[in-house]
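Participant: Have a look at this one.
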Amino acid sequence: MIDFQDRVAVITGAGGGLGREYALLLASRGASVVVNDLGGSVHGDGADASAADAVVAEIRSMGGTAIAEHSSVADPEGGAAIIESAVDTFGRVDVLISNAGILRDRTLANMAVDDLRSVLSVHLEGAFYVAMPAFRVMKEQQYGRIVFASSGSGLFGNFGQTNYAAAKAGLVGFMSALKLEGAKYNILVNAVAPIAHTRMTEEILGDQAEQFDAASVAPAVAYLASDAHEHTGEVWSVGGGSVSRVFTALCEGYFKHPDREGPMTVEDVAENVADVRTEDGYIVPFSLRDEFAKLGPKLYS
Ligand code: NAI
């Protein structure tokens, strides 16, 4: 039985949708939960404290422990206040599920600067503003589990979502570097790309919505946030009953030794484009070092 006894979890955007499911599951397994939510619209307008308050009431009614927090993740003071409320109330921060998000879907041709800034500031900057103070507490404790909400849109692309996709792919970059900084303090950092029926996906999922119950995403996120999980720097695609790892691979490619075979030409690339593009012989680098490690034997043998 995987539990969160004596663990404190901060979940942003937990007043509805996926975040609410994460909060309910972790609380049902013993976590003390900070339910953060600004409570605005799906486009990021307005604020409403009742979203977070209702989830807290739900957790308490089932015998769990939770407090509500209504700051916006999109400003540094909000991020600091969220983590402060966890430390002031419960004394620690063991788990951060960085989940708050909004949508401003537009094609690039129609995008206003504010559509870009608001999406980047909630998803990407917001993740930083909460993770920065959380990481300091986790480092002190020598324990932490961070899960970022990425998206298939950022990993694979989706029409009309360049702003959102850039933010969600940015979170994978953030995670990939932070995992290295967290490793020696027992801080594991992972990400999920969920697929779930929430207000955010009402239009995208249409009549398939029923297959993508948000509650079915929560177990994988809870697992990533638990003591039972040992890996760091992974992205998992989760939804519709499926949990699978997504990774960035480096393929075998084309190689021409700069000293022995001379400088690379445009024609070399053109003639060997099939080798450049082959998916054969790939490795999954854990960090930038592995990219060099792959090249080293070719260059220096
Ligand atoms: P949702 O709209 O139901 O939940 C997002 C929550 O974040 C809302 O309760 C909202 O009030 C809160 N929020 C928005 N801006 C905030 C801010 N500045 N500060 C604090 N809270 C704020 O949507 P859903 O689907 O539950 O999304 C959760 C996360 O999962 C998002 O990051 C989303 O991008 C991501 N995601 C969801 C997918 C899905 O299929 N539902 C697919 C891929 C990613």
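Participant: From His70, His43, grab the single residue that is within 14 Å of the ligand (Cβ to nearest atom), surrounded by fewer than 17 Cβ atoms within 10 Å (Cβ to Cβ) and not acidic (Asp, Glu).
Facilitator: The conditions single out His43.
Participant: For the condition farther than 27 Å from Asn186 by Cβ and part of a helix (DSSP H, G or I), what is the one hit in Asp53, Asp88?
Facilitator: Asp53
Participant: Can you pull out every residue in the range 25-40 that is free of Cβ contacts under 8 Å to residues at least 60 places away in the same chain and either within 18 Å of His123 (Cβ to Cβ) or not assigned by TED's automatic domain parsing to the domain that holds His70 (or both)?
Facilitator: The answer is Gly39, and nothing else.
Participant: Go through (1) within 12 Å of the ligand (Cβ to nearest atom); (2) of a type in the set (Gly, Ala, Ser); (3) over 30 Å from Ala274 (Cα atoms); (4) in contact with a Lys or Arg (Cβ under 9 Å, 6 or more places away or on another chain) for Ala215 and report which single condition fails.
Facilitator: Going through (1) within 12 Å of the ligand (Cβ to nearest atom); (2) of a type in the set (Gly, Ala, Ser); (3) over 30 Å from Ala274 (Cα atoms); (4) in contact with a Lys or Arg (Cβ under 9 Å, 6 or more places away or on another chain) one by one, Ala215 breaks only (4).
Participant: Report, by residue number, each residue of the range 125-144 that is more than 14 Å from the ligand (Cβ to nearest atom), within 19 Å of Gly233 (Cα to Cα), in contact (Cβ under 8 Å) with a residue 24 or more places away in the chain and open to solvent by 40 Å² or more (accessible area, probe 1.4 Å).
Facilitator: Matches in the range 125-144: Met132, Lys139, Gln142.
Participant: Among the numbered criteria (1) of a type in the set (A, V, I, L, M, F, W, C); (2) closer than 20 Å to Gly17 by Cβ; (3) outside any helix (DSSP H, G or I); (4) more than 13 Å from the ligand (Cβ to nearest atom), which single criterion is violated by Ile59?
Facilitator: (3)
Participant: Among (1) away from the ligand (no atom under 11 Å from the Cβ); (2) open to solvent by 20 Å² or more (accessible area, probe 1.4 Å); (3) more than 15 Å from the chain's Cα centre (by Cα), where does Ser176 come up short?
Facilitator: Single failed check for Ser176: (3).
Participant: Taking Val10 and the conditions (1) touching a Leu at 6+ places or on another chain (Cβ under 6 Å); (2) part of a strand (DSSP E or B); (3) open to solvent by 10 Å² or more (accessible area, probe 1.4 Å), which numbered condition does it fall short on, given that it satisfies the others?
Facilitator: (3)
Participant: If only one of Leu120, Leu108 is open to solvent by less than 70 Å² (accessible area, probe 1.4 Å), over 19 Å from Ala14 (Cβ atoms) and aliphatic (A, V, I, L, M), which one is it?
Facilitator: It is Leu120.
Participant: From (1) open to solvent by 10 Å² or more (accessible area, probe 1.4 Å); (2) farther than 23 Å from Glu77 by Cβ; (3) within 15 Å of the chain's Cα centre (by Cα), pick out the condition that doesn't hold for Val147.
Facilitator: Failing condition for Val147: (1).
Participant: Yes or no: Val122 within 11 Å of the ligand (Cβ to nearest atom) and of a type in the set (A, V, I, L, M, F, W, C)?
Facilitator: Here the answer is yes, as Val122 does meet what is asked.
Participant: Could you give me the residue pairs with C-beta distances under 7 Å whose first residue belongs to the range 94-114 and is in a loop (DSSP other than H, G, I, E, B), whose second residue is away from the ligand (no atom under 14 Å from the Cβ) and among the charged types (D, E, K, R) wherever it lies, and which are 6+ apart or on separate chains?
Facilitator: Listed by first residue and then by second, the contacts come to Asp94/Arg7; Asp94/Arg145; Arg104/Asp115.
Participant: Write out, first by first residue and then by second, each pair whose Cβ atoms fall under 9 Å of each other, whose residues are 6+ apart or on separate chains, and whose first residue, in the range 226-250, is farther than 19 Å from Leu171 by Cβ while the second is polar (S, T, N, Q) and open to solvent by 40 Å² or more (accessible area, probe 1.4 Å).
Facilitator: Gly240/Gln208; Gly240/Gln211; Gly240/Ser216; Gly241/Gln211; Gly241/Ser216
Participant: Can you tell me which condition Lys184 does not meet? The list is (1) free of Cβ contacts under 8 Å to residues at least 24 places away in the same chain; (2) open to solvent by 20 Å² or more (accessible area, probe 1.4 Å); (3) in contact with a strand residue (DSSP E or B) (Cβ under 8 Å, 6 or more places away or on another chain), and all the others hold.
Facilitator: (3)
The values are calculated or read from the model by the stated rules, or taken from the named source; none is laboratory data. Because the structure is predicted, anything quoted here is derived from the model rather than measured. For neighbour counting, all protein chains shown are included, and Cβ atoms are generated from backbone atoms with ideal geometry for every residue, glycine included. Heavy atoms of the whole protein, side chains included, go into the accessibility calculation; ligands, DNA and RNA do not. Shrake-Rupley method; radii C 1.70, N 1.55, O 1.52, S 1.80 Å.
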